[in-house]
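Here the structure is laid out as structure tokens; the discussion comes afterwards.
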Amino acid sequence: MKVLIVKTSSMGDVIHTFPAVEDARRHRPDVSFDWCVEEAFAGIVALHPAIGFIHTVAIRRWRKRLFNSDTWHEAAKLRRALRAASYDLVIDAQGLLKSALVAKQAAAPIAGLDQDSAREPSATWFYDHRYAVPRDLHAIERTRRLFGLALGYQPDLSGLQSGMVPPADGLAGTSGKTAFLLHGTSREDKKWPVKDWIETAGLLLEKGMTPVVTWSNGPEKAAAEAIARAVPQAVLVPKSPLAVIAAIIGRSALVIGADTGLTHLASAFGLPTVAVFLATEPGLTGPRGPFSSTLLAKPGNPISPAEVIGEAERLLRLRSEAV
């Protein structure tokens, strides 16, 4: 059976889908999977060994160039590729109108959430098979249940494995244990103050760990450079392709991150991961992993670097005991 997964974005949402793929590998070894994803996240999908061909869409870019002929040529090329693949089933794991429209291009039966379960009920108009999954569950569990219903098995929700494999290349020029500090995130209200990152980096040095920071845009660069100036022993990684950053994360001993997709990636790799949430609720979409933890700020009670380091040490001990 040949199945196409449609989960186009965002990075965290894509990563949340991999445990469902792991379930399907165990229960339905006869199924092969391809994926359709936003071009920016194709490298993330490639980290799972069970995914065959990766189709890319560029909805974010296409929206800005809707009347450009190149946009329509790219969309038509995708449509031809999806139909040529002759899928037996498409699972729309996103539940949005845009993802349903992409799924429709494959000209195959589509499975998805029902009207009461999907994020955008209008998406269900395009589905051939609709399944009810409670909305108050974590995104990972919702997707695992959807895959089980669509492919005819009951997932074992007592465990959690992503199956993701970090790229082989790592970070040269460091010795000992590294701790990746993922300070960058999309919204200002999600950002932990730079002074707290600096203090955290200093505390990590005292624990015998080398802090690592990087950046992807101007404001993140300024923050990363400020951390590196204040803590000269920290390693400053220049702006790099996603695969390079994923490789460095994968070989880190510890990750401390804001509410950002790369924090989800660290958690999916099974690394000790402390997520610092300041303005969003992690209950339904926060990082999940065997050695991950989320610290949630409360009004008038900010998260301190000492609290983060204490939680990091707890997770490192858990990981050590498990190994």
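Some notes on this structure:
- In the stretch 54-150, taking the dipole from charged Cβ atoms about the Cα centre, the farthest positive-side position among Leu89, Ala106, Phe147 is held by Ala106.
- Full-stretch length increase - Leu318, Trp62 - with 0.36 nm per residue and alpha-carbon distance subtracted: 87.6 nm
- Protein accessible area in the chain, 1.4 Å probe - carbon and sulfur %: 53 percent
- Heavy-atom accessible surface of Arg60, to the nearest 10 Å², is about 120 Å², with a 1.4 Å probe and all protein chains retained.
- For the chain, the number of Lys pairs with C-alpha atoms closer than 24 Å, counting only pairs eight or more positions apart or on separate chains, is 27.
- The chymotrypsin sites (Phe, Trp or Tyr not before Pro) of the stretch 115-161 that DSSP puts in a loop, and whose beta carbon has at most 16 other beta carbons within 10 Å, are Tyr153.
- Cα gyration tensor shape for the stretch 14-112, rounded if a/c is under 1.5, else prolate or oblate: prolate
- Stokes-Einstein translational diffusion, the chain - Kirkwood Rh over all Cα pairs, 1.567 mPa s, 4 °C, in µm²/s: 63 µm²/s
- Kirkwood estimate for the stretch 200-323, i.e. one over the average of 1/r between Cα atoms, Å: 15.0 Å
- Area of Glu206 that stays accessible when all protein chains are in place (1.4 Å probe, Å², to 10): 150 Å²
- 1.4 Å probe accessible area per residue over the chain, in Å²: 45 Å²
- A crude spin-label estimate for the pair Glu281 and Ser122, with each label 7 Å from Cα along the Cβ direction, gives 2.5 nm.
- Of Ala81, Ala223, Ala40, the one that fluctuates the most in a GNM where the chain has Cα springs shorter than 10 Å: Ala81
- Accessible-area rank, largest first, for Arg145, Arg83: Arg83, Arg145, with all protein chains present and a 1.4 angstrom probe.
- Label-to-label distance for Ser186 and Ala230 is 2.7 nm, based on points extended 7 Å past Cα in the beta-carbon direction.
The values are calculated or read from the model by the stated rules, or taken from the named source; none is laboratory data. Quick caveat, the model's predicted, so the values are computed rather than measured. Note: ideal-geometry Cβ built from the backbone for every residue, glycine included; neighbour counts use all protein chains shown. These accessible areas exclude ligands, DNA and RNA; they are computed on the full protein's heavy atoms, side chains included. Shrake-Rupley method; radii C 1.70, N 1.55, O 1.52, S 1.80 Å.
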